[in-house]
Amino acid sequence: MKKIILTGDRPTGNLHIGHYVGSIQNRLKLQEAGDYEKFYLMIADTQALTDNADNVDKVKNNIIQVAIDYLSAGIDPNKVTIFIQSQVPELAEMTMYFMNLVTLSRLTRNPTVKEETKMRGFTSSIPVGFMCYPISQAADILAFDANIVPVGDDQLPMIEQTREISRAFNSTYKQNVLVLPEAVLPENETCRRLVGTDGSAKMSKSAGNCIYLKDEPDVIKQKIMNAYTDPNHIKVTDPGKVEGNVVFEYLDAFCKDEHFAKYLPEYKNLEELKVHYRRGGLGDVKIKLFLNNIMQELLAPIRERRKELEKNVDEIYKMLFENGKKASAVAAQTLQRMKDAMGINYLKFLKK
Ligand code: TRP
């Protein structure tokens, strides 16, 4: 099977370490494996606008920020086609046709949309566009015949809904026009949904609990030193809890045995460190400084590349625009196939 990969992010803020372990790491792995036909990475500005209609500047300014985050994290523009969603108007047209295949009650059952609706305080004032973004996300994926979608946990309901839409389209119009995509999740469960530094369920900009890829060393350290651990672990000698402890969650996600040899040679691996913490006698400062060393090592080269890339913003925009044209041409072909299957290709009525 030829592999076509597509994934993306909303440009509502800079990318953080939750994005890194949740999706960027898998993207880098796929990029390096190289056994794909096409790899698209979409900056989903149209989707970001579904709950930012009055905040266009935020979305606009974050497009380049996210592009720089991608490139500085190691996404190679020669291997991956990075583009801006709104430059592919075919996606909006597809969304219209897909809307007819989805019920309102199905939309309201999407758990991620439910959670986001709650977080944003939308009660009876949910914008229709926001409610429908899973349908537009299905278009993002299906337009490119993408069968592999590397994402974090929270995107699973979107992929599920995309599969339903694809099946509904193929069965309604009795042709096998659209693919059935599969989500690719990180193997490590902690990485699928990284907790915030405050210990809340998800790292998110609005909760102010993120460590960003672009953060300066002192900011990273300060966020780690203030991270939530175990509130009952008061004296060093107290036994500590590892579950729900942000520092251990992050160590689960980021630390490798080599880090112990380099920064904390008294322990062989994370298991040993956990045993000691649980038993008592291991202080929070020590584990936080260890985590800080690991994060600094990961983020320093990303930050340095970012500083270089920031000098060439025009070139990045140019690359995005060129890719947008290519992506639009690909989506146009899929749209044509859809219209043929639906029988709404009226031009065919013209006698030559
Ligand atoms: N919903 C994703 C997010 O919130 C962004 C996104 C838009 C996406 N279209 C996509 C992800 C298609 C994967 C595939 O970050």
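The values are calculated or read from the model by the stated rules, or taken from the named source; none is laboratory data. Predicted model only: the values in this text are computed from it and were never measured. Backbone-built Cβ (ideal geometry, glycine too); neighbour counts: all protein chains shown. Surface accessibility is based on the protein's heavy atoms, side chains included, excluding ligands, DNA and RNA. Shrake-Rupley method; radii C 1.70, N 1.55, O 1.52, S 1.80 Å.
Looking at (1) within 16 Å of the ligand (Cβ to nearest atom); (2) open to solvent by 70 Å² or more (accessible area, probe 1.4 Å), find the lone condition where THR237 falls short.
(1)
State yes or no: is PRO77 at pLDDT 95 or above, more than 25 Å from GLN161 (Cα to Cα) and not in a helix (DSSP H, G or I)?
Against the criterion (at pLDDT 95 or above, more than 25 Å from GLN161 (Cα to Cα) and not in a helix (DSSP H, G or I)), PRO77 qualifies.
Within the stretch 146-161, work out how many residues are within 20 Å of ASN100 (Cα to Cα) and either open to solvent by less than 30 Å² (accessible area, probe 1.4 Å) or in a loop (DSSP other than H, G, I, E, B) (or both).
So the count comes out to 4.
Can ASN52 be described as open to solvent by less than 20 Å² (accessible area, probe 1.4 Å), within 14 Å of the ligand (Cβ to nearest atom) and assigned to a loop (DSSP other than H, G, I, E, B)?
Yes.
Is it the case, given these coordinates, that LEU273 is under 20 Å from ILE220 (Cα atoms), in a helix (DSSP H, G or I) and open to solvent by less than 70 Å² (accessible area, probe 1.4 Å)?
Criteria not met by LEU273.
How about the stretch 144-154: which of its residues are within 8 Å of the ligand (Cβ to nearest atom) and at pLDDT 95 or above?
ALA146, VAL149
Based on what the data block shows, is GLU258 outside the structural domain of ALA300 (by TED's automatic domain parsing), open to solvent by 30 Å² or more (accessible area, probe 1.4 Å) and at negative phi?
Considered against the rule, which asks whether it is outside the structural domain of ALA300 (by TED's automatic domain parsing), open to solvent by 30 Å² or more (accessible area, probe 1.4 Å) and at negative phi, GLU258 comes out as no.
Within the stretch 84-95, can one find any residue that is at positive phi and either touching a helix residue (DSSP H, G or I) at 6+ places or on another chain (Cβ under 9 Å) or not in a helix (DSSP H, G or I) (or both)?
Looking for residues that are at positive phi and either touching a helix residue (DSSP H, G or I) at 6+ places or on another chain (Cβ under 9 Å) or not in a helix (DSSP H, G or I) (or both), one finds none in the stretch 84-95, hence no.
From the list GLU164, GLU182, which residue is at pLDDT 95 or above, within 13 Å of the ligand (Cβ to nearest atom) and surrounded by fewer than 18 Cβ atoms within 10 Å (Cβ to Cβ)?
So the residue among GLU164, GLU182 that is at pLDDT 95 or above, within 13 Å of the ligand (Cβ to nearest atom) and surrounded by fewer than 18 Cβ atoms within 10 Å (Cβ to Cβ) is GLU182.
Out of curiosity, is THR7 within 11 Å of the ligand (Cβ to nearest atom) and either at positive phi or open to solvent by 30 Å² or more (accessible area, probe 1.4 Å) (or both)?
So THR7 does not fit the description; no.
Would you mind telling me which numbered condition in (1) in the same structural domain as ILE63 (by TED's automatic domain parsing); (2) touching a residue at least 40 places away in the same chain (Cβ under 8 Å); (3) not aliphatic (A, V, I, L, M) ASN292 fails?
Of the numbered conditions (1) in the same structural domain as ILE63 (by TED's automatic domain parsing); (2) touching a residue at least 40 places away in the same chain (Cβ under 8 Å); (3) not aliphatic (A, V, I, L, M), the odd one out for ASN292 is (1).
Go over the candidates ILE126, ILE141, ILE84, ILE135 one by one and state the one that is more than 13 Å from the ligand (Cβ to nearest atom) and either open to solvent by less than 60 Å² (accessible area, probe 1.4 Å) or outside the structural domain of PHE321 (by TED's automatic domain parsing) (or both).
Going through ILE126, ILE141, ILE84, ILE135 in turn, just one is more than 13 Å from the ligand (Cβ to nearest atom) and either open to solvent by less than 60 Å² (accessible area, probe 1.4 Å) or outside the structural domain of PHE321 (by TED's automatic domain parsing) (or both): ILE126.
Considering only the stretch 47-63, state which residues are in contact (Cβ under 8 Å) with a residue 60 or more places away in the chain and out of contact with any strand residue (DSSP E or B) (no Cβ under 9 Å at 6 or more places or on another chain).
LEU49, THR50, ASP51, ALA53
With the structure loaded, tell me whether ASP215 is over 17 Å from the mean Cα position of the chain (by Cα) and surrounded by 16 or more Cβ atoms within 10 Å (Cβ to Cβ) or whether it fails that test.
Spelling it out, ASP215 is indeed over 17 Å from the mean Cα position of the chain (by Cα) and surrounded by 16 or more Cβ atoms within 10 Å (Cβ to Cβ).
Would you pick out the residues in the stretch 176-226 that are touching a strand residue (DSSP E or B) at 6+ places or on another chain (Cβ under 7 Å) and touching a residue at least 40 places away in the same chain (Cβ under 8 Å)?
PRO181, VAL184, MET203, CYS210, ILE211, TYR212, LEU213
Can you pull out every residue in the stretch 22-42 that is out of contact with any Asp or Glu (no Cβ under 7 Å at 6 or more places or on another chain), in contact (Cβ under 8 Å) with a residue 60 or more places away in the chain and either part of a helix (DSSP H, G or I) or open to solvent by less than 60 Å² (accessible area, probe 1.4 Å) (or both)?
GLY22, SER23, GLN25, ASN26, ARG27, LEU30, TYR36, TYR40
Only one of ARG167, ARG163, ARG106 is touching a residue at least 40 places away in the same chain (Cβ under 8 Å) and not hydrophobic (A, V, I, L, M, F, W, C). Can you tell me which?
ARG106
Name the helices (runs of 4 or more DSSP H) wholly inside the stretch 186-269 in which the number of residues that are aromatic (Phe, Trp, Tyr) is 2 or more.
246-254, 257-263
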